[in-house]
There are 2 protein chains.
Amino acid sequence: MITIKDVARLAEVSISTVSRVINDSKPVSPEVRRRVLKVIEETGYKPNDVARSLVTRRSYLIGVIVNNLAQSYVADIVRGIEEIGKMYGYDILLCSSYSSKETQEKYLQLLDRKQAEGLFLVGNKFDDEIIEIARGLNKPCIYFTRDVHEHMNHISIDSNAAFYEMTNYLIKEGHKKIAYVSDFADRTSVENDKIAGYQKAIEDNELQYSKMYVVGGNKHNRAYELGKTIAKDASEFTAVVCSNDEIAIGVMNSFFDNGIKVPDDVSVVGFGNIREGKFVRPELTTIGEPYYDVGAVGMRMLIKMIKGDKTPQGLMELPFTIEKRKSVKTIG
Amino acid sequence: MITIKDVARLAEVSISTVSRVINDSKPVSPEVRRRVLKVIEETGYKPNDVARSLVTRRSYLIGVIVNNLAQSYVADIVRGIEEIGKMYGYDILLCSSYSSKETQEKYLQLLDRKQAEGLFLVGNKFDDEIIEIARGLNKPCIYFTRDVHEHMNHISIDSNAAFYEMTNYLIKEGHKKIAYVSDFADRTSVENDKIAGYQKAIEDNELQYSKMYVVGGNKHNRAYELGKTIAKDASEFTAVVCSNDEIAIGVMNSFFDNGIKVPDDVSVVGFGNIREGKFVRPELTTIGEPYYDVGAVGMRMLIKMIKGDKTPQGLMELPFTIEKRKSVKTIG
DNA sequence: CTGAAAGCGCTTACAG
DNA sequence: CTGAAAGCGCTTACAG
């Protein structure tokens, strides 16, 4: 391995001078600069970032802890983080925890030891204990989740408004009997927001009907199973609003297999705009969160915080979109 | 920031001793060990991995360059890499290049400066020039791609055998007229393997019919467009073998929108077993590559190489599976 | 079992 | 504009 010392020796200058030309940190005479550059070129010397990091106390490493990279929205957020990071010279240390608290804690410690300058937690649920450990690290930290926590910088969309708007859209399309499918029995604050948005739309339009189902898990499979039950009630409503796209697709597939046609018999809408929603037939109408932007905006916030700006605390809300596709039918 | 020096001072020992108890590298008397541990506990001291890395010349960092993290198979491979890495204490520096040669090169340099101990390139296509730069880094490197390169450690499945077996499966189900949809006009060696496997099955069964389409791109959209053309010929065959799942789903969707029923009118099969294949209706019958294993096996190879084992060179083949689902019909 | 010292590859006052 | 020296936070022979 060739070091700054070798370059200095070969160029017949001090290592200070080599450092200066590498970093462009202080004036160096053209002649000397040329000599150093030539040696660097010839030897293929590359500065060792570990050594540099030790003295500058900068790692330019951002730790990203995700629950499951395979979820498409997670990949999109990570992409946003990464692209903005790249613009500012930050790199990503990726950690997938698969929702294991133990793994999350291990990674948090690791990121600390590796001198990560900032942290992202990306996923639906992080235990309060993990949040506390993360805070204890005393690093800039941003929390991407659908469940809001206090004391944390947080990026999200206004779920209440989103579900209000989506439900209103269904009503405008002529639907009067609209059911709702929730994810868990023990609701997160975000889920409560969603339900409240849905209910407000029902009430504002003076509709009577509103039926609620609970999946009791976020696996596609659970929604599929529940879908069989919902299918039996299908004559009671013309549309169903689902807490998220995974559920919506599970329900749609269950309908398909039980002879209920979407959207002819029942319209289905979701939330999240996951990639799969465009692959299923009919294509799923859903609420789009700007995941890439969530990552990008979060990264900008984080970089600001790393630079010492204390201002961007608290919650940041991004705009949502209603992705109108084929799973909703206009009723006469 | 609290350092090893602080701990040493507080515990009234030398920093050497502190280092020894942290790393369990040399015997330390129980009494002294207890004292040191107590101080560590009280101060919350955590070793600085950057400093440690500088002296040990170990970073325990593995650079992973992917083209697109949003592809589900990439996420699965990364998962395999990460989980095995975690077992051996290696961490992942994630770099998404989105197929940009410039970005790939930049990341390669970066990973070198960060002292990454090994490299993964994950994606369909990497330019030869990039491969050369990667090799020039002189680090253990593993290449995950569907296009085989010489001089590189490579993990894949036997595409030829996979397509042979899949086509035979269709024939056994009674299909006699089977078309093939290829991805690009300028074929990769893997694509040639696939086509050869398909053709061999046709020939071995003394079937006459074999029609070939070329998508000319790997976007779902392109396959959808081509699907319209294929739909017009639909009476000429009863099954179509697609080069990959993205194409298969594009074709299926095009069939759906053009009134061709899958599998009743035409059976469709793909390759890759991407997540979306289980979400579409009918569920896609496809060839499964064990992506998680690809990542895991690759990581084991890489770690071996890092440890100085020179043996695991060249190509490694993993078993494939035929995922029989709903997009194939048995013909009388 | 323990400590003093050298050194990993850099950056950065400081002095000239 | 340039160099000698100190130091970042550790590990590891070496000596005792």
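Residues that are more than 7 Å from chain B (Cβ to nearest Cβ) and either among the polar types (S, T, N, Q) or under 16 Å from B:Ala70 (Cβ atoms) (or both) were ranked within the stretch A:77-94; the one that is most open to solvent (accessible area, probe 1.4 Å) is A:Glu83. Among the conditions (1) crowded, with 24+ Cβ neighbours inside 10 Å; (2) at pLDDT 90 or above, A:Val280 misses just one, which is (2).
A:Thr3 passes every criterion in (1) of a type outside the set (Phe, Trp, Tyr); (2) more than 13 Å from DNA strand C (Cβ to nearest atom); (3) open to solvent by 10 Å² or more (accessible area, probe 1.4 Å) apart from (2).
Every listed requirement among (1) within 16 Å of DNA strand D (Cβ to nearest atom); (2) in contact with a helix residue (DSSP H, G or I) (Cβ under 7 Å, 6 or more places away or on another chain) is met by A:Ala75 save one, (1).
If the condition is being within 13 Å of chain A (Cβ to nearest Cβ) and under 20 Å from A:Tyr60 (Cβ atoms), then the stretch B:106-134 contributes B:Lys106, B:Tyr107, B:Leu108, B:Gln109, B:Leu110, B:Leu111, B:Asp112, B:Arg113, B:Lys114, B:Gln115, B:Ala116, B:Glu117. For the stretch A:216-260, a residue qualifies if it is over 14 Å from B:Arg281 (Cα atoms), among the β-branched types (Val, Ile, Thr) and open to solvent by less than 10 Å² (accessible area, probe 1.4 Å), and the qualifying residues are A:Ile230, A:Val240, A:Val241, A:Ile247.
Per the listing A:Arg35, A:Arg20, A:Arg52, A:Arg79, the residue uniquely assigned to a helix (DSSP H, G or I), farther than 30 Å from A:Asn124 by Cβ and more than 16 Å from DNA strand C (Cβ to nearest atom) is A:Arg35. None of A:Ser25, A:Ser72, A:Ser16 is within 11 Å of chain B (Cβ to nearest Cβ), small (Gly, Ala, Ser) and out of contact with any strand residue (DSSP E or B) (no Cβ under 8 Å at 6 or more places or on another chain) except A:Ser72.
Screening A:Tyr45 on (1) open to solvent by 70 Å² or more (accessible area, probe 1.4 Å); (2) within 16 Å of DNA strand C (Cβ to nearest atom); (3) among the aromatic types (Phe, Trp, Tyr) shows it passes everything except condition (1).
Of all residues in the stretch A:98-105, none satisfies being part of a helix (DSSP H, G or I) and of a type in the set (Gly, Ala, Ser). In the stretch A:10-24, of all residues being touching a helix residue (DSSP H, G or I) at 6+ places or on another chain (Cβ under 7 Å) and either among the small types (Gly, Ala, Ser) or more than 12 Å from DNA strand D (Cβ to nearest atom) (or both), the one that is nearest to B:Leu111 (Cα to Cα) corresponds to A:Ser19. Does the stretch A:28-39 contain any residue that is touching a residue at least 24 places away in the same chain (Cβ under 8 Å) and either open to solvent by less than 50 Å² (accessible area, probe 1.4 Å) or facing chain B (nearest Cβ under 9 Å) (or both)? Looking for residues that are touching a residue at least 24 places away in the same chain (Cβ under 8 Å) and either open to solvent by less than 50 Å² (accessible area, probe 1.4 Å) or facing chain B (nearest Cβ under 9 Å) (or both), one finds at least one in the stretch A:28-39, hence yes.
Applying a threshold of 8 Å to beta carbon distances and a minimum spacing of six or more residues, or different chains, the list of pairs starting in the stretch A:67-85 at a residue that is assigned by TED's automatic domain parsing to the domain that holds A:Met299 and basic (Lys, Arg) and ending at one that is part of a helix (DSSP H, G or I) and surrounded by 24 or more Cβ atoms within 10 Å (Cβ to Cβ) reads A:Arg79/A:Gly295.
Per the listing B:Val55, B:Val74, B:Val50, the residue uniquely surrounded by fewer than 21 Cβ atoms within 10 Å (Cβ to Cβ) and aliphatic (A, V, I, L, M) is B:Val55.
The values are calculated or read from the model by the stated rules, or taken from the named source; none is laboratory data. The structure displayed is predicted, hence computed values, not measured ones. All Cβ positions, glycine included, derive from the backbone under ideal geometry; neighbour counts span all protein chains shown. Heads up: the accessible areas ignore ligands, DNA and RNA and are worked out on the full protein's heavy atoms, side chains in. Shrake-Rupley method; radii C 1.70, N 1.55, O 1.52, S 1.80 Å.
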